[in-house]
Amino acid sequence: MIGIDSHEGNLTAFVTSTSEIREIDTGYVGKVNRDHLRREIKGTRGKHNPKAKKKIASKHRRIRKQKVENFWHHLALALIAWAIGMKAALVLEDLQGMKERIGKGKSRRMRQRLLNFWSIMTFQRLLVQKARFYGVPVIFV
């Protein structure tokens, strides 16, 4: 089994048969999200036409989403290949109810920022789809 634990800046994978631990840096996702949010804010600053603001904002959101999904896609394929090579199942944490658990005591805006820049649910969705396609079992804990 390969256990995958997600954090804000990385993924930790643990192989039960060999006791191997791998840290996978996912800081790129946060950087892309922050950069495109900054570009969106900067690009719409001073614009008085709501249609122009909406067009610029949607362009940056689309580019951001494509970059992030592409990163998660490649990472999911690498993990699937690793699992197939070891004939192992993937074990993921169940993230249902995460919105209620994150940021107890923090402001609503801070909780939204943490969740919006942390697109781990996108990664899990892609990983589960690819695992089903390649016949790798996925277990949620």
*asked:* So if I check each of T44, T26, which one is of a type in the set (S, T, Y), open to solvent by less than 30 Å² (accessible area, probe 1.4 Å) and farther than 23 Å from A131 by Cα?
replied: T44
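Looking at the stretch 68-83, can you tell me whether even one residue there is among the charged types (D, E, K, R), open to solvent by less than 70 Å² (accessible area, probe 1.4 Å), more than 29 Å from S19 (Cβ to Cβ) and at pLDDT 70 or above?
The initial filter retains those residues of the stretch 68-83 that are among the charged types (D, E, K, R), namely 69.
Now narrow it down to the ones that are open to solvent by less than 70 Å² (accessible area, probe 1.4 Å): 69.
When the remaining residues are screened for being more than 29 Å from S19 (Cβ to Cβ), the result is 69.
From what's left, at pLDDT 70 or above: 69.
Yes: one or more hits.
Do the conditions hold for K55, that is, is it open to solvent by 40 Å² or more (accessible area, probe 1.4 Å) and either farther than 21 Å from I120 by Cβ or touching a Ser or Thr at 6+ places or on another chain (Cβ under 6 Å) (or both)? First the steps, then the outcome.
On the way: open to solvent by 40 Å² or more (accessible area, probe 1.4 Å): yes; either farther than 21 Å from I120 by Cβ or touching a Ser or Thr at 6+ places or on another chain (Cβ under 6 Å) (or both): yes.
So K55 fits the description; yes.
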_Out of everything in the stretch 84-112 that is modelled with pLDDT of 85 or more and among the β-branched types (V, I, T), what residue ends up being most open to solvent (accessible area, probe 1.4 Å)?_
I84
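If you check T44, T12, which single one turns out to be among the β-branched types (V, I, T), free of Cβ contacts under 8 Å to residues at least 40 places away in the same chain and closer than 14 Å to I120 by Cβ?
Details: T44 fails: closer than 14 Å to I120 by Cβ.
Going through T44, T12 in turn, the sole match is T12.
The values are calculated or read from the model by the stated rules, or taken from the named source; none is laboratory data. Being a predicted model, the structure only gives us computed values, none of them experimental. Cβ sites come from the backbone with ideal geometry, for glycine too, and all protein chains shown count toward neighbours. Protein only, heavy atoms only, side chains kept; ligands, DNA and RNA dropped before computing areas. Shrake-Rupley method; radii C 1.70, N 1.55, O 1.52, S 1.80 Å.
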